[in-house]
């Protein structure tokens, strides 16, 4: 995700949070990823504990995701924004 210019925090967990620093329409992106690509991401609107004021998108990766699937996610996200 950094390769397409998104600011991401470093962390040991396989959870990626794209937050309001990127000034994106998270609800629209989540909907497009699911409707057009079949990729489910969590859209968290602001107002919840530990969620940035502008909301965020949450991607969770696992050891079962291969490199091709991760590249597909990044490419789909690039198209959605």
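The values are calculated or read from the model by the stated rules, or taken from the named source; none is laboratory data. Note that this is a predicted model, so its numbers are computed, not measured. Here the Cβ positions follow ideal geometry from the backbone for every residue, glycine too, while neighbour counts run over all protein chains shown.
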- Query: Any residue in the range 39-56 that is in contact with a helix residue (DSSP H, G or I) (Cβ under 6 Å, 6 or more places away or on another chain) and in a strand (DSSP E or B)?
  - Reply: yes
Q.
I'd like to check something: does the range 8-19 contain any residue that is touching a helix residue (DSSP H, G or I) at 6+ places or on another chain (Cβ under 8 Å), assigned to a helix (DSSP H, G or I) and without any contact (Cβ under 8 Å) to a residue 60 or more places away in the chain?
A. no
Residue 5 fails exactly one of (1) closer than 15 Å to residue 77 by Cβ; (2) surrounded by 10 or more Cβ atoms within 10 Å (Cβ to Cβ), namely (2)
(Q) Against the definition (surrounded by 12 or more Cβ atoms within 10 Å (Cβ to Cβ), more than 10 Å from the chain's Cα centre (by Cα) and modelled with pLDDT under 90), how does residue 11 come out, yes or no? (A) no
Among residues of the range 32-47 being under 10 Å from the mean Cα position of the chain (by Cα) and either free of Cβ contacts under 8 Å to residues at least 24 places away in the same chain or over 18 Å from residue 69 (Cβ atoms) (or both), the residue surrounded by the fewest Cβ atoms within 10 Å (Cβ to Cβ) is 40
When (1) under 21 Å from residue 14 (Cβ atoms); (2) part of a helix (DSSP H, G or I) are applied to residue 31, the one that fails is (1)
Can you find a residue that is surrounded by 13 or more Cβ atoms within 10 Å (Cβ to Cβ) and in contact with a strand residue (DSSP E or B) (Cβ under 8 Å, 6 or more places away or on another chain) anywhere in the range 70-77?
yes
Out of all the residues in the range 18-30, is one or more surrounded by 14 or more Cβ atoms within 10 Å (Cβ to Cβ) and modelled with pLDDT of 90 or more? yes
Taking the range 48-81 and keeping residues touching a residue at least 60 places away in the same chain (Cβ under 8 Å), under 16 Å from residue 25 (Cα atoms) and under 10 Å from the mean Cα position of the chain (by Cα) leaves 77
